[in-house]
Amino acid sequence: MQRISIASLLTLLLLLHTPSRAQSLESLLADPAFTPASVGICITDVATGETLVAYNDRQAIIPASTAKVITTATALRLLGPDYRIVTTVGYTGHIDDAGTLHGNLVIRGGGDPSLGSTYGSRPTDDFVNRVVEAVRSHPIRAIEGCIEVDDSRFAGPAVSPKWMLEDVIWDYGTGCHAFSYRDNRLQVELKYNGHRYEVTGINPARRFHVATHLVPGEREEVTVTHTGNRYTVTGTIPRHRSTYRLDLAIERPDSLFLQELNERLQLAGIPVGGAPLSAGRGTETTLLDSPSDSLACLVRSLNVRSDNLYAESLLRLIALTASPRGSASKGIETIRRYWQPLGADSLELFLYDGSGLARNNKVSARYLARVLTAAARDPQTGDTFVRSLPRAGREGSVASFMRNSRLPGELRLKSGSMSDVHAYAGYYTTPAGHRYAIVLLFNNYTCTRAQLKQKIAVWLTSTLSKKR
């Protein structure tokens, strides 16, 4: 029998198993997993605008959450990284000598998705605390009228009609309002008691009722219905799960806030009448202007966590740059007009929301690459936008992707995924500082998502490691 030296065997194993070995685009696409797939690929040199790698780059393909790079790049360019969304608190009528407000307390939503958010820089109860303090210090000792939330800055619908009905009950499919609060989300903690899953915690507490009929089963099949603040959960949870958490959408975040604020004012000894008064409705005195974190911070949080509510709010704020009220349709129209002169052909964009949740959304790899290229070049917002994308192998939904990559530079990618869809859009920056825009769109592949990620990682490593 012919002998093979240990050195030769090691060399052979390295050739077979080293992920960074050269792989052409042709060999990647020849994989049987992509035979029925729609694939769009575009890699562009940001400095020159030259397209270096392209495959099917003008076909419109479902982008999933990579659509968020369009929304966030547009918002930064139109509004600026230092822009802050302001929620205003004021009152109508007048305050008499005893401190009674003969009028109404009015909260005007400005479109800030981070009020009471778990992901903001402030405590979740910061806004309600500031409202109570503003009322006390003015000073107001009683409110004869009611508390009103003005939600009119955004036009409907709050939920895209293109979203799937099964998505809108969950927190990632919650409606977008000019006044959002606590991420428009209800969290329900469940625990198996030996027979079924019982509710052990609800946040926010005391304001919602959840009836559960969940039992152990072979797979996770959960159905949620609701009427107002009453939710009913049925279905099965895999048997090995002793605890379970539901993140559900809240239909009326303004109602949740009003309940909290009324309770806090009562505790502070400030009674609220409850019936609206017409007195002084023509004039309004400002008590408090509450700004959000900077747009740069909101965009960074949005892109790392892939937050749909934040994205939908930014889409409507984009609309406000060209329209008196913020609507999704006006935001999309503004986006199409804005990027067209910068080389992104609007014929290759079919957009129905700002988050990418709608399966009707379709965009070409070339369109995304043109947006990424133009966004990175902008001297005012380019660096902010690039840094808003999560670092592959370290953050967000790409925390595990290419974690052990030997690429010498920095890879920042926004991922997108839904059933039969997986995509990436972002940048690779070499150690020398040369930057490339990367777009990879895959629909209807036949391998597992984990296998697809590995195939992409091998090809990207091979392709990008050659860049200097």
message = For the structure I just gave you, tell me whether residue 294 is of a type in the set (Ser, Thr, Tyr), at pLDDT 95 or above and either under 28 Å from residue 396 (Cα atoms) or touching a helix residue (DSSP H, G or I) at 6+ places or on another chain (Cβ under 6 Å) (or both).
response = yes
message = Which of the numbered conditions does residue 283 fail, given that it passes all the others? Conditions: (1) at pLDDT below 95; (2) crowded, with 22+ Cβ neighbours inside 10 Å.
response = (2)
inquiry  = Quick check on region 402-411. Is at least one of its residues of a type outside the set (Val, Ile, Thr) and open to solvent by less than 10 Å² (accessible area, probe 1.4 Å)?
reply    = no
ask   = Considering region 439-458 alone, what residues qualify as being open to solvent by less than 10 Å² (accessible area, probe 1.4 Å) and farther than 21 Å from residue 355 by Cβ?
value = 452, 456
message = I need the full set of residues from region 124-162 which are under 26 Å from the mean Cα position of the chain (by Cα) and farther than 21 Å from residue 179 by Cα, in order please.
response = 162
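The rows are residues; the columns are (1) more than 22 Å from residue 131 (Cα to Cα); (2) open to solvent by 60 Å² or more (accessible area, probe 1.4 Å).
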position	(1), (2)
187	yes, no
204	no, no
225	yes, yes
243	yes, yes
249	yes, no
253	no, no
256	no, no
269	no, no
inquiry  = Which condition from (1) among the polar types (S, T, N, Q); (2) in contact with a helix residue (DSSP H, G or I) (Cβ under 7 Å, 6 or more places away or on another chain); (3) open to solvent by less than 30 Å² (accessible area, probe 1.4 Å) is the one that residue 463 breaks?
reply    = (2)
message = For the list (1) in contact with a Pro (Cβ under 9 Å, 6 or more places away or on another chain); (2) modelled with pLDDT of 95 or more, I need the number of the one condition that residue 196 fails.
response = (2)
query = residue 397 fails exactly one of the following numbered conditions: (1) out of contact with any helix residue (DSSP H, G or I) (no Cβ under 9 Å at 6 or more places or on another chain); (2) open to solvent by 30 Å² or more (accessible area, probe 1.4 Å). What is the number of that condition?
reply = (1)
remark   = Scanning region 68-90 residue by residue, the ones that are buried (at least 19 other Cβ atoms within 10 Å of the Cβ) and touching a strand residue (DSSP E or B) at 6+ places or on another chain (Cβ under 9 Å) total 8
The listed residue being more than 21 Å from residue 352 (Cα to Cα), out of contact with any Asp or Glu (no Cβ under 8 Å at 6 or more places or on another chain), of a type outside the set (Val, Ile, Thr) and buried (at least 20 other Cβ atoms within 10 Å of the Cβ), out of 115, 101, 105 = 115
request  = Consider residue 310 carefully, then state whether it is farther than 30 Å from residue 98 by Cα, assigned to a helix (DSSP H, G or I) and of a type outside the set (Val, Ile, Thr).
outcome  = yes
ask   = Among the residues of region 353-366, is there at least one that is modelled with pLDDT of 95 or more, touching a Ser or Thr at 6+ places or on another chain (Cβ under 9 Å), part of a helix (DSSP H, G or I) and not basic (Lys, Arg)?
value = no
query = Of the residues that make up region 32-53, is at least one over 27 Å from residue 312 (Cβ atoms), free of Cβ contacts under 8 Å to residues at least 60 places away in the same chain and of a type in the set (Ser, Thr, Tyr)?
reply = yes
request  = Report, by residue number, each residue of region 329-366 that is closer than 22 Å to residue 50 by Cα and either without any contact (Cβ under 8 Å) to a residue 40 or more places away in the chain or open to solvent by 20 Å² or more (accessible area, probe 1.4 Å) (or both).
outcome  = 338, 340, 341, 342, 343, 344, 345, 346, 347, 366
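The values are calculated or read from the model by the stated rules, or taken from the named source; none is laboratory data. Given the structure is predicted, the values throughout are model-derived calculations rather than measurements. Glycine gets a Cβ as well: all are built from the backbone with ideal geometry, and neighbour counts include every protein chain shown. Side chains are part of the model used for accessible areas, which takes the heavy atoms of the whole protein and leaves out ligands, DNA and RNA. Shrake-Rupley method; radii C 1.70, N 1.55, O 1.52, S 1.80 Å.
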